[in-house]
Each structure stands twice: as structure tokens, then as C-alpha cells.
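Note sheet for the following structure.
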2 protein chains.
Amino acid sequence: MTAWDGPLAGHTTLPVVGQAPAERADAARNRRALLAAAHVLMVQCGVQALSMDRVAAEAGVGVGTVYRRFGDRAGLAYALLDEEERDFQEAFLCGPPPLGPGAPAAARIRAFLHTYLDRLESEAELHALAETRSPTARHGSGAYRTARTHLVTLLTQAGAGADGAYLADALLALVSAGLFLHQRRELGYTADRVKAGLDRLLAGVLPEAVGARDHGDS
Amino acid sequence: MTAWDGPLAGHTTLPVVGQAPAERADAARNRRALLAAAHVLMVQCGVQALSMDRVAAEAGVGVGTVYRRFGDRAGLAYALLDEEERDFQEAFLCGPPPLGPGAPAAARIRAFLHTYLDRLESEAELHALAETRSPTARHGSGAYRTARTHLVTLLTQAGAGADGAYLADALLALVSAGLFLHQRRELGYTADRVKAGLDRLLAGVLPEAVGARDHGDS
DNA sequence: ACTCTAATCGGAGTCAATTCCGTTTACAAG
DNA sequence: CTTGTAAACGGAATTGACTCCGATTAGAGT
């Protein structure tokens, strides 16, 4: 009902105090085998072909094992996105500006959202799958909470005024995989058009100017 | 892959030219029986208990019949919301201001979104179910397209400037059932806080003031 | 009333997610 | 090396969405 909290679930979340019980050797092996199998399946047959049975068979383990490792289908999707997710987190937490510290908060917010869209660009299907757990699923994931916290901080710094918490969720709603796919595939928007629309909204919310230089697009 | 287009699928959509082949008597009877059964099940056991098999059994028909009528689970959810949806459409298309014609476009947009939230308030679970078809499902439904078109019109009238189309989807993303449930249940926001946040964003996007009187809240 | 045809039915069948639980195994302690 | 136990395993069983298709039947035409 909430985010998967099984073995090594914390990967994508900020490090916690007490260290986890340490993964057993066979478990680690199976995790690797499963992720590899899933990745191959995805590349060869598309995200849609990522069925738990299929992945298990391909990796040569029982289905039960897939569930113990990843909790459910969405959990598997999150795991497949984990490496990229960690790079992203590192980038906005301590990478170079404008995504990381050093740039004005408003610019960082913009960079954050644009980068988020870039990530959707390359793995939209997988992100969509990850958001599929339940209607509210997305909001419970570690990745979401981290992003949300980050935005709340930046919004406060940027002087967005009242209810930064609301605003953070609102901004993240604008970069959901579902909406993104709708815009890019059904409506045929270009990536730049989506970013421009986002900037427009941002400009209405943040006091300082949001235009000007960024991290390489639009 | 797209919205269900079976018998009487157009209910919730704007009226079309050629009239549908007219529903057969037995089909109509079963539709009523199914909706009644579904409603009872929902009231007694919650939305989660709305399984196609269960509804079919309760109504005394075969599962195949449920699928012919509603296409899929989400379609059944839409059907259950249909009456309310039609009232809503009538209200914003030709009802009294500020929702209907007569009020300034900006005020109508605000009223539209607030009313949308009020609807979520009473049937969030069902709306969430209806949005569950697939990640992009929501955006393909007749109800969504109608709302979207309406917003685009109003945004243009309100002088929202560039890319009203983007803005329409963005605003609708802020009133998705998933986000709403997250805000109300997980974060514990009050309905007014959600509306206030929305107003805040609206104020940044629409030229004219958005404050002042409305249709009875906040 | 009879016939024809398309719309409807029903429910067994298929497919994939998720759960359960008895069995096996890694590995830390003795 | 032996043992004890928590963790991991596998895969049958369950569940529910959705598909298929042969059997029925409403209702227009005659």
C-alpha cells in the first residue's frame, strides 16, 4: 500500500542512520541477475514485456524471488531507474550549478524541472510504469519525497512565499510521466514546448526573473 | 488503447451528429442492473470491491456483458460518475456564473477548478479508479477532453497569452485524483488549503485579479 | 406470425500480478 | 567442522482483468 520497504529499498532514498542488515550473497547475485534480465527484456521487447514471470524465468529464478527483491512491478521499474536516479540526486544536491548549489534558487528550480523532463524523455515508459503502482503510488516513493523536499527548500529560498509545500507537489505534477506522454505523444508537443510552458508557469510563481541562461536547452 | 467507444460511450462527451443505433431493450435493462449493482457494491464494500466478476454476479449477468457495456474497469467507473459529470458539464457550459457564462473568464476558470476539486472531494476513489486505465488514460477520456477544451477557451478569453493548450493540461494536472488524494490523505491538507494553493498559481498565470467572490468557498 | 440479421449473452479460457508456505541455504557463533 | 536460525528460494495457488466465440434473442421487415 505504501512504498516498498524490503531489502535495500532505501537505495534511492537519502542514506539512513542504522545500516541495513546487509544483503546475503545469493540475494545480491539474484538481484543482479534479475536487473540484467529485466534490462535485456526491456531493450529487446519494450517495457510492456516486463512481466514478473518473464523476468524471473529469464533470470533463472522463481517469481517469489522477484517479489522479495522488488516488491512489485513498479518496484522493479524503480530499481531499473535507480542508477540514473542516484546520479540525478547527486547532481541536484551537490553537483555544479545551475542544478546544484551555487546558482540562485529560482534558476535551480528551473534546471531541476528541465532535467526532470530530460529524464522522462529518455525513459518515459519506465517512469510511467513506476508511477503505476496505484493512483497515489508515485507520491510515496523515496525518489518523489526526495525531489519534493528539495523543491520545498528551493522554493523557500527563492522567496516563493506562502505554501511552498503545495507548490512543490504542483510542480512535480507538471512533470509526471503520464502528462509527459500525453503531451509528447498524443498532442505532439516538442520537448521545448513543454519546457516553455513550464517556464511560463514558473515565471508566474517565482518573484525573480526565470528567463536567461540555463543548462543547455531551449 | 484509447477511450472506450462501445455502446452509448458518448454519454459524457458532447453530443455527436448521427444518432447512435439506439440501445436494445435487453441491453438497457442490463446496463441499469449493472450500474445499480455496482453502486450498491461501492456503497457497501468500497470502490476496491468493484471487481468486474463481482458486479456481474451481483447483477445476475455474465462478465462478458459487463465488458460489452463498459469496456473495462475504468469505463465502469466513468459510467458511475456519468450523471454527476453531465451535471458538471451543463453547469460550466450553460449554468449560472461564475461557473457558467456571464462571469469574467478568469473567474470562470477559478470556479471551474474549485468545483472540480469539490467533485473529487465526494468521489475521489472513483475518480482515481477512472484515471487508472493506464498512465495516459485520463487524458483520452471524453470528460477530460471536454474539460480541456473548455479551459483552453476560457484561458484564451482571459488573455492568458501564449500556449493556452499547455496551460489547460497543466491546470488539470493540478486537479488529478492521484494528487488530490495525496494532498488530502497523506499530507492532511484541508480542502481550502488545496484551493488556496491553486489560486496562488492561477494568480501568477492570469493577468486580471483572481481573488474576490466565488461560488461559495474559501 | 415468420424470418433474418445484427446485437447481445454468458461463462469458460487466457494471462499476468501477487500471495503463500514448505524447503533450502548462507553465514555467524560455538 | 557442526549447528541454529534468519533470510532466501521456488513455484503452485489464488485473484481478478480481459478475451473469445458459440448460443440466444430483440426487433425490423415481410
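The values are calculated or read from the model by the stated rules, or taken from the named source; none is laboratory data. The shown structure was predicted, so the numbers you read here are calculated from the model rather than taken from an experiment. Cβ sites come from the backbone with ideal geometry, for glycine too, and all protein chains shown count toward neighbours. When the accessible area is computed, the model is the full protein with side chains, heavy atoms only, and any ligands, DNA or RNA have been set aside. Shrake-Rupley method; radii C 1.70, N 1.55, O 1.52, S 1.80 Å.
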**Report entry** Portion, in percent, of the accessible area of the protein assembly as shown that falls on carbon or sulfur, probe 1.4 Å
**Finding:** 55 percent
Query - Residue of chain B nearest the B-to-A rotation axis [by Cβ], rounded angstrom distance - result: B:204, 1
**Report entry** Accessible area (Å², per residue) of the protein assembly as shown, counting only protein heavy atoms and a probe of 1.4 Å
**Finding:** 46 Å²
Requested in this report: Estimate for me the total accessible surface buried between chains A and B (protein heavy atoms, probe 1.4 Å, no ligands or nucleic acids), in Å² to the nearest 100.
Outcome: 2900 Å²
Requested in this report: Work out the length of the dipole vector of region A:9-205 about its Cα centre, built from +1 on the beta-carbon of each Lys and Arg and -1 on the beta-carbon of each Asp and Glu, and round it to the nearest 20 debye.
Outcome: 180 debye
Requested in this report: Taking chain A as the reference, fit the longest principal axis to its C-alpha atoms, fit the long axis of helix A:164-173 to the helix C-alpha atoms, and give the angle between the two in degrees, 0 to 90, nearest 10.
Outcome: 60 degrees
Query raised in the report: To the nearest 10 degrees, how steep is helix B:105-130 against the longest Cα principal axis of chain B, on a 0 to 90 scale?
Result: 30 degrees
Requested in this report: Taking each label point as 7 Å beyond Cα in the direction of the beta carbon, state the distances from residue A:46 to the same residue in the other copies, shortest first, in nm.
Outcome: 3.5
Requested in this report: Can you figure out the FRET efficiency of residue B:84 with residue A:149, using R₀ = 51 Å and their beta-carbon distance, to the nearest 0.05?
Outcome: 0.90
Requested in this report: Output the peptides B:65-71, A:43-49 sorted from most to least packed, where packing is the average of other Cβ atoms within 10 Å over each peptide's residues.
Outcome: B:65-71, A:43-49
Query raised in the report: With a sphere of radius 14 Å drawn around the Cβ of residue B:28, what net charge do the other residues whose Cβ falls strictly inside it have (Lys, Arg +1; Asp, Glu -1)?
Result: +4
Query raised in the report: Which of rounded, prolate, oblate describes chain B, given a ≥ b ≥ c as roots of the alpha-carbon gyration tensor eigenvalues and a/c under 1.5 marking rounded, otherwise prolate only if a/b is larger than b/c?
Result: prolate
Report task. Describe numerically, in nm with one decimal, the distance between label points set 7 Å from Cα along Cα→Cβ at residue B:49 and at residue B:162. Result -> 5.3 nm
**Report entry** Other protein chain Cβ atoms within 10 Å, averaged over every residue that makes up A:173-186
**Finding:** 5
Query - For residue A:165, net neighbour charge (Lys/Arg +1, Asp/Glu -1) across residues whose Cβ lies under 11 Å away - result: 0
Query raised in the report: R0 = 45 Å: FRET efficiency of residue B:28 with residue B:185, Cβ-based, nearest 0.05?
Result: 0.75
